[in-house]
Structures are given as C-alpha cells and as structure tokens.
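The values are calculated or read from the model by the stated rules, or taken from the named source; none is laboratory data. Predicted model, so just to flag it, every value in this text is computed and none were measured. Ideal geometry is used to build each Cβ from the backbone, glycine not excepted, and the neighbour counts take in all protein chains shown.
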Amino acid sequence: MTKGEAFHSLLEPDLPVKTRRRSTGCQFFIMGIATALSLASLALAVYQATSTHQSVHAISEGVVSAWPTPPPHEQVTKVARYVVHTSAWASIATISTALPIQGFPFANIISVCDGPVNKSSGIPYMYMTRFDLSGKDLLSNDKATLSFSEAQSDYCSKEDFDPEDPRCARVLLTGHIIEVKKWNY
C-alpha cells in the first residue's frame with residue numbers, strides 16, 4: 001500500500017473508507033518555528049522586565065537618547081565641535097567629475113562620526129567608497145565643503161527653533177579631504 005492510498009478493514013466492511021493523511025516534514029518545521037518564536041518572545045519579555053534602561057548617546061531615531069548639553073553659543077569653537085559630534089550625517093559638496101555635470105558643484109549626503117565614541121574629537125570622519133559619486137570626485141579634486149546642522153540633536157526641536165533659525169547652529173567646513181589609510185585611535 002502506498003502513501004495516500006485508501007484502506008479499509010476486511011473485518012468491518014461497513015465502516016467508511018479512510019484515507020491516510022500524509023505527514024510531512026513541513027508540519028514539524030512550522031511547529032519548530034512557532035516554538036522558537038514563542039521562546040524568543042518569552043526571552044524578550046523577561047529581558048525587558050529585568051533590564052535597566054540606561055540612556056545612551058545615540059544619533060539614530062527610535063533609540064532612547066540623552067543628548068549632551070550644548071555649550072553657550074558665544075563659544076563658537078565648542079559649538080562647532082558639539083554640532084559635529086552630535087551629527088550622524090552631513091552634506092558634502094564637491095566639484096563633479098560625472099560627465100553630465102562635470103565641473104559643476106555636486107552635493108551629497110554622507111554618514112559621519114568624530115572618532116570612536118569613547119574618544120570623540122570633533123574632527124569629522126566619513127566612510128566613503130571610491131564608487132560613490134563624491135568619492136570619485138575627491139580622487140580628482142580633494143577640495144570639498146562639509147555642512148552640519150544642530151537640528152540633528154534635540155536642542156532645536158526642544159527650543160522650538162526651525163532648522164533654518166540662526167539660533168540652530170550650522171557648521172560649514174571647507175578644505176581638503178584627506179584619505180585615512182589606517183585608523184589609529
């Protein structure tokens with residue numbers, strides 16, 4: 001008798017014919033997934049109930065964050081370092097080498113940091129590939145402008161400042177971009 005074939009008992013011919021139900025590995029797989037998800041949910045609930053929520057310095061949205069207090073705006077250098085430190089991204093402007101816009105200014109958004117979290121410096125670092133349009137531009141001409149805004153921190157929104165409000169600090173850094181061959185910190 002093969003799987004799925006109907007069978008009946010010769011001793012009880014009046015009973016309705018029964019068919020065998022094929023059992024596959026799929027049923028066990030689904031039960032395994034359901035069990036794993038249940039255990040993961042339980043583990044998450046236990047973790048959330050027992051962990052202490054500590055504030056962290058975070059730049060991304062959706063994460064509990066505690067922004068450092070900005071320095072007084074009269075201390076221009078400290079404000080500039082603060083803005084660079086609290087920025088997760090910046091705008092970079094280069095002179096384009098791409099054929100349709102070759103020779104024209106080109107702006108792009110890039111991810112930035114100011115060194116390792118425990119040794120932040122206010123000096124911007126960016127991870128760029130040579131395949132990025134701005135990366136290609138910098139291979140030909142290392143001059144660029146980086147633009148940062150204090151609007152990335154919570155200061156401007158807490159004070160109800162528009163990002164273009166002069167009290168919401170902006171930093172423009174213009175100069176030569178240097179490729180870091182080896183990260184020493």
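Okay, here's what the table says:
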{"read-out": "The listed residue being under 22 Å from residue 66 (Cα atoms), among the acidic types (Asp, Glu) and surrounded by fewer than 13 Cβ atoms within 10 Å (Cβ to Cβ), out of 162, 154", "value": "162"}
{"read-out": "Residue 110 in contact with a Phe, Trp or Tyr (Cβ under 7 Å, 6 or more places away or on another chain), among the β-branched types (Val, Ile, Thr) and at pLDDT 90 or above", "value": "yes"}
{"read-out": "Qualifying residue in segment 123-141 (condition: touching a Gly at 6+ places or on another chain (Cβ under 6 Å) and polar (S, T, N, Q))", "value": "yes"}
{"read-out": "Segment 52-80: number of residues that are farther than 14 Å from residue 151 by Cα and modelled with pLDDT of 75 or more", "value": "8"}
{"read-out": "All positions within segment 157-177 that are without any contact (Cβ under 8 Å) to a residue 60 or more places away in the chain and out of contact with any strand residue (DSSP E or B) (no Cβ under 8 Å at 6 or more places or on another chain)", "value": "157, 158, 159, 160, 161, 162, 164, 165, 166"}
{"read-out": "In segment 92-141, the residues that are under 20 Å from the mean Cα position of the chain (by Cα), farther than 18 Å from residue 176 by Cα and in contact (Cβ under 8 Å) with a residue 24 or more places away in the chain", "value": "115, 116, 117, 120"}
{"read-out": "Residue 96 on the phi < 0 side of the Ramachandran plot, of a type in the set (Gly, Ala, Ser) and at pLDDT below 95", "value": "no"}
